[in-house]
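One structure below.
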Amino acid sequence: MRGRKLNFKGKVVLALLFALIVVVLAGLVGKGEKMSAKDKGKDAHAVSLRTLSFSPAPMTVFAGSPLYKSMIGQQRQKKEAERQKEVAKQNEKDLKENAIYLTFDDGPSSAANQLLDLLEAYQMKATFFMLGPRIKEHPAVVKRMYKNGNGLALHGITHKARAIYSSTSAPLHEMAEDQRILENVAGVKSYMVRLPYGSIPYLTDEMRDLLDKNGFHIWDWNVDSSDWELKNGRYVQYTIQQIRQKKQAGETPVILLHDKPETVKYLPKLLKFIKKQGYKTKVLTNETPPVTFPCEGRCHPIHHPVETGRR
């Protein structure tokens with residue numbers, strides 16, 4: 001009898017153990033299914049978030065909205081106001097020093113060494129906005145410019161309006177390449193740029209924004225010598241007239257000239273006047289607040305050839 005009771009109890013225990021195992025296994029499977037479903041839900045949610053985060057469509061729509069354009073416009077106005085404020089502060093300092101800025105575009109030319117000789121003779125300095133290919137052609141004179149304490153700046157690569165204004169990023173690409181060439185030749189990293197023909201009207205707001213984001217400073221001028229147009233030295237008197245006007249207006253002259261034989265030939269007359277007036281020629285640096293033509297609704301993409309002159 002005792003043996004049969006033990007067998008019966010054993011059977012009961014085994015049955016209970018088996019039932020317990022089944023319950024535990026069922027729970028684990030159910031939990032696994034729930035976790036799997038939950039994970040799938042997380043995955044689906046993550047995919048949904050990734051789609052929302054990286055899809056360009058919503059941003060594209062917002063970028064074209066009046067609200068976005070208004071925000072960007074306000075940012076540009078704020079930056080322009082800050083620039084003008086800094087330029088005004090610099091102007092006050094320059095007026096006390098009776099300063100004047102000579103700037104030469106398009107070089108280095110075959111007359112660059114002669115130009116440097118003249119500057120040395122009159123104990124003056126200038127800033128040179130140079131083209132990348134010409135820097136490569138005349139590396140020795142570029143090094144001489146720097147050694148003599150002149151300013152080195154950028155004028156792009158092509159000097160062709162249809163090229164440098166061909167897309168929003170084209171001005172940046174040309175100036176970045178010019179910057180690389182100058183740094184390789186002279187060891188100077190300049191962020192001062194002057195666009196061929198000036199920044200009005202083909203340097204759009206978007207082009208300006210891109211140059212600004214990459215640290216470049218856009219330089220124009222407030223005295224145009226027109227040496228690219230006026231022959232036989234007539235540019236000298238025309239420039240002197242403008243310098244006098246700037247003095248009366250309380251503005252420091254930033255003179256646009258060109259590194260070319262015709263300009264250099266008559267340059268002594270202009271330098272004599274500057275020296276007689278007691279002006280101090282200063283060089284532009286990466287820290288100098290730039291004199292820039294603001295768009296003010298005048299900027300638009302280029303749609304046709306404009307190379308009627310060379311500035």
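The values are calculated or read from the model by the stated rules, or taken from the named source; none is laboratory data. Every value quoted in this text rests on a predicted model; they were computed, and no experiment measured them. For neighbour counting, all protein chains shown are included, and Cβ atoms are generated from backbone atoms with ideal geometry for every residue, glycine included. Just so you know, the surface numbers come from the protein's heavy atoms only, side chains and all, with ligands and any DNA or RNA stripped out. Shrake-Rupley method; radii C 1.70, N 1.55, O 1.52, S 1.80 Å.
What whole-number distance in Å separates the alpha-carbon centres of region 154-208 and region 249-269?
Centre-to-centre (Cα) distance: 22 Å.
Which peptide among 235-246, 71-82, 155-166 comes first, and what is the full order, when sorted by highest mean count of other Cβ atoms within 10 Å? Before the final figure, lay out the partial values.
Details: 235-246: 17.0, 71-82: 12.0, 155-166: 19.5.
Highest mean packing first, the order is 155-166, 235-246, 71-82.
How are the C-alpha pair distances of region 74-230 spread across 5 Å bins, as whole percents from the shortest bin up?
2, 8, 17, 20, 20, 17, 11, 4, 1, 0
Can you give the net charge of the other residues whose Cβ lies under 14 Å from the Cβ of Q84, counting K and R as +1 and D and E as -1? Before the final figure, lay out the partial values.
Numbers: positive: R76, K78, K79, R83, K85, K89; negative: E80, E82, E86, E92, D220, E251, E296.
For residues surrounding Q84, the net value is -1.
With a sphere of radius 13 Å drawn around the Cβ of D94, what net charge do the other residues whose Cβ falls strictly inside it have (Lys, Arg +1; Asp, Glu -1)? Each step should come with its number before you reach the end.
Numbers: positive: K89, K93, K96, K246, K247, K280, K282; negative: E86, E92, E97, E251.
Combined, the nearby Lys, Arg, Asp and Glu give +3.
For region 114-256, calculate the relative contact order in percent as a whole number, restricting contacts to Cα pairs under 8 Å that are 6 or more residues apart.
Values: 185 pairs, mean separation 26.7, N = 143.
Here the relative contact order equals 19 percent.
To the nearest µm²/s, what D does Stokes-Einstein give for region 80-165 at 37 °C and 0.692 mPa s, using the Kirkwood radius over alpha carbon pairs as Rh?
Values: Rh = 14.6 Å.
Roughly 224 µm²/s, to the nearest whole number.
Provide the per residue accessible area, probe 1.4 Å, for region 152-311, rounded to a whole number of square angstrom. Before the final figure, lay out each step's value.
Numbers: 7210 Å² over 160 residues.
Accessible area per residue, region 152-311: 45 Å².
If the viscosity is 1.567 mPa s and the temperature 4 °C, what Stokes-Einstein diffusion coefficient in µm²/s follows for region 137-246 when Rh is the Kirkwood radius over Cα pairs? The partial results should precede the final answer.
Details: Rh = 15.5 Å.
Diffusion coefficient, whole number: 84 µm²/s.
Which distance in nm do the two modelled labels at Q237 and T285 give, with both placed 7 Å along the Cα-to-Cβ direction?
For the pair Q237/T285, the computed spacing is 3.9 nm.
Would you mind checking the pairs K96/K246; K85/K160; K85/K280; K78/K246; K147/K247; K136/K282 and listing those with alpha carbons more than 21 angstrom apart? Let's see the in-between values first.
Values: K96/K246 14 Å; K85/K160 33 Å; K85/K280 23 Å; K78/K246 26 Å; K147/K247 31 Å; K136/K282 26 Å.
From K96/K246; K85/K160; K85/K280; K78/K246; K147/K247; K136/K282, over 21 Å: K85/K160; K85/K280; K78/K246; K147/K247; K136/K282.
What does the charge add up to near D209, with Lys and Arg as +1, Asp and Glu as -1, over the other residues with Cβ less than 14 Å from its Cβ? Mind dumping the intermediate values first?
Working: positive: K69, R76, K78, K79, R83, R208, K213; negative: E80, D205, E206, D212.
So the environment of D209 carries a net charge of +3.
Report the relative contact order of region 190-280, percent, no decimals, based on alpha-carbon pairs under 8 angstrom and at least 6 residues apart.
Details: 76 pairs, mean separation 24.7, N = 91.
Relative contact order of region 190-280: 27 percent.
Using 0.36 nm times the number of residues separating K276 and K96, minus their current alpha carbon distance, what extension gain do you get? Spell out each step's value before the answer.
Numbers: separation 180, 0.36 × 180 = 64.80 nm, distance 1.72 nm.
Here the answer is 63.1 nm.
Rank by packing, highest mean first: peptides 219-229, 141-151, with packing defined as the count of other Cβ atoms within 10 Å averaged across residues.
On the way: 219-229: 20.5, 141-151: 18.5.
The peptides rank, most packed first, as 219-229, 141-151.
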